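Bear in mind these aren't lab numbers, they're just calculated from the coordinates by the rules spelled out. Owing to the predicted nature of the structure, the values given are computational and were not obtained by experimental measurement. Methodologically, a virtual Cβ is constructed for each residue, glycine included, from the backbone with ideal geometry; neighbour enumeration extends over all protein chains shown.
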Amino acid sequence: MMRLDKFLCDRNLGTRSQVKKDIKAGLVLVNNSRVLQPERQIEEERDLICYKGQLCTYEKYVYYLLNKPAGVVSATEDRHHRTVLDLLGEDRRKDLFPVGRLDKDTEGLLLITNDGILTHDLLAPGKHVEKEYECHLAAYFDDRQRAALEQGVDIGEKKRTRPAVVRILDDRKITLTITEGRFHQVKRMLHAVENEVTYLKRIRMGAVLLDEGLPRGGYRKLTKEEVESLKYEKNTYGVREDREVQA
Ligand code: URA
């Protein structure tokens, strides 16, 4: 159950005061009857709500894949910068948030949802969902750096990083797959092996790949299969053998 004005507002159909005005003006039908009270409780999963002649379908959880461009911050609100939610335009709902963070200058795959449980499970330290990043590097990448990253490196915290998977693209370009989400982790890992990241893009999270057809700043809904794969991820990764390397 929820208030009618909140239901419309959460669907981004107007500010709370706008939708209240529209309800009082008779622009909203609930199950084909005009309702004039913004505070009317509705069964959002069952009732048919019609706003200005349009049926508002109910989706409890929504999941988007955004191709984050550089220059926007992974937050729901920011006084000084555009946020990833600003990129959703009409689809922006009040209850959406990004699943974790990418740095302001990092590009690529960012999930946005209102599913708090899935988000918590994907980000929980023990779950180890794989995140793969394309890294452009300032210096040549060599076998010594590779071996260190694959073993786990000291980035100045109590524990070394978990072993990463390295894929070489060319002599200054790799992909790095990690299963943690420490602050600036990829940049700090490359710094720890005496290299530097000059460009970073996330290209995969679990089984969900960055859709190369999406322009920078573009987004689309996740498919049912992609959502299911993330839920499966959360269930299986948590019980994998822990191969953490102690510092
Ligand atoms: N690691 C980083 O250093 N930055 C990111 O944005 C994501 C992972």
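A Förster radius of 22 Å combined with the Cβ-Cβ distance from Arg92 to Glu43 puts the calculated FRET efficiency at roughly 0.35.
On a C-alpha basis, how far is the centre of the range 27-50 from the centre of the range 68-90 in Å? Whole number, if you could? When both Cα centres are located, 32 Å separates them. Taking all Cα pairs closer than 8 Å and separated by 6 or more residues, the relative contact order of the range 63-240 comes to 29 percent.
Counting other beta carbons within 10 Å of each Cβ, put Lys201, Lys173 in order, fewest first.
Numbers: Lys201 20, Lys173 15.
The most exposed by this proxy come first: Lys173, Lys201.
Per the Kirkwood formula applied to alpha carbons, the range 132-213 shows a radius of gyration over Rh ratio, Rg over Rh, of 0.94.
From the C-alpha coordinates alone, can you work out the Kirkwood hydrodynamic radius of the range 2-56, in Å? Before the final figure, lay out the partial values.
Details: mean 1/r = 0.0944 Å⁻¹.
Hydrodynamic radius (Kirkwood, Cα only) of the range 2-56 equals 10.6 Å.
Two decimals, Cα atoms only, Kirkwood Rh: what is Rg/Rh over the chain? Mind showing how you got there, number by number?
Working: Rg = 21.9 Å, Rh = 20.2 Å.
Answer for the chain: 1.08.
Stretched out fully, how many nm does the piece from Asn12 to Asn31 gain, at 0.36 nm a residue minus the Cα gap?
Numbers: separation 19, 0.36 × 19 = 6.84 nm, distance 2.06 nm.
This chain segment gains 4.8 nm when fully extended.
Over the C-alpha trace of the range 44-145, radius of gyration and Dmax come out as 17.9, 65 angstrom.
Each residue, Ile117 and Ala138, gets one label point 7 Å from its Cα in the Cβ direction; the gap between the two is 4.6 nm. Exactly which GluC sites (Glu not before Pro) in the range 140-218 are in a DSSP loop and have at most 13 other Cβ atoms within 10 Å? When the GluC sites (Glu not before Pro) of the range 140-218 are filtered for loop state and at most 13 Cβ neighbours within 10 Å, Glu157, Glu194, Glu196, Glu212 remain.
Between Phe183 and Arg220, the distance separating the two model label sites (each 7 Å from Cα on the Cα→Cβ line) works out to 3.6 nm.
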